[in-house]
Amino acid sequence: QVQVAEAGGGWVQAGGSLRLSCAASGRTSSDYAMGWFRQAPGQEREFVAAISWSGSTYYEYSVEGRFTISRENAKNTAYLQMNSLQPDDTAVYYCAARMSGATAQRIAEFNFWGQGTQVAVFS
């Protein structure tokens, strides 16, 4: 089992930045990919970004160029740097871990999930 826990959400004005972090614990001895998803009120959870064990990244098109996913394997931690935030980015952001080193985009491909952290962007 792997546990993941997000931190760093909050309120920010449009155009501002936030940095989310995701700490993994438990059976982290194997290679694993990590991803970020988000869910706005009344909408389905959607993919945001993912990073492989080796550092390859993949982004949803609407965040590419504004968001950056990174990781520090020695700390079992992933990050999501979010710049130029817009009201449409308001959502609960979830971190997930995948028991494979390769990236993925689908919810079903991730095995372990955090509780989520709220990000609210006001204009």
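Highest average first, the peptides 82-90, 55-63, 34-42 ordered by how many other beta carbon atoms sit within 10 Å of their residues are 34-42, 82-90, 55-63.
Based on a Kirkwood Rh over C-alpha pairs, give the Stokes-Einstein translational diffusion coefficient of region 28-123 at 37 °C and viscosity 0.692 mPa s in µm²/s. It diffuses with D of about 243 µm²/s by this estimate.
Accessible area per residue for region 1-95, computed on protein heavy atoms with a 1.4 Å probe, is 50 Å². Distance from the Cα centroid of region 38-54 to that of region 66-118 is 7 Å (rounded to whole angstrom).
What is the dipole size for region 47-123, taken about its Cα centre, with +1 at each Lys and Arg Cβ and -1 at each Asp and Glu Cβ, in debye to the nearest 20?
On the way: 5 positive and 6 negative charges, 47 e Å.
The calculated dipole for region 47-123 is roughly 220 debye.
With K and R counted +1 and D and E -1, the other residues having a Cβ less than 15 Å from that of residue 22 yield a net charge of +3. For region 1-65, carbon and sulfur atoms together expose 44% of the accessible surface, with a 1.4 angstrom probe and every protein chain in place.
Ranking 32, 85, 65 by how far each Cα lies toward the positive end of the dipole of region 1-115 (charges on Cβ) leaves 32 at the top.
Quick one: compute the contact order of the chain, relative version, from alpha carbon pairs under 8 angstrom and 6+ residues apart, as a percent. Answer for the chain is 37 percent.
What net charge is computed for the residues neighbouring residue 62, neighbours being all others with C-beta under 11 Å from the C-beta of residue 62, Lys and Arg scored +1, Asp and Glu -1? Intermediate results must be reported in sequence, preceding the final value.
On the way: positive: 38, 66; negative: 46, 60, 64, 88, 89.
Here the charged neighbours net out to -3.
Of all beta bridges that DSSP places with both ends in the chain, some 90 percent have antiparallel geometry.
Accessible area per residue (1.4 Å probe, heavy atoms of protein chains only) ranks 106, 45, 19 as 106, 19, 45, with the largest value leading. About the centre of its Cα atoms, region 8-85 shows a dipole size close to 220 debye [charges on the beta carbon of Lys, Arg (+1) and Asp, Glu (-1) only; nearest 20 debye].
The values are calculated or read from the model by the stated rules, or taken from the named source; none is laboratory data. The shown structure was predicted, so the numbers you read here are calculated from the model rather than taken from an experiment. Because the Cβ atoms are built from the backbone with ideal geometry, glycine has one as well, and the counts that use them run over all protein chains shown. Note: accessible area is taken over every heavy atom of the protein model, side chains too, but ligands, DNA and RNA are not part of it. Shrake-Rupley method; radii C 1.70, N 1.55, O 1.52, S 1.80 Å.
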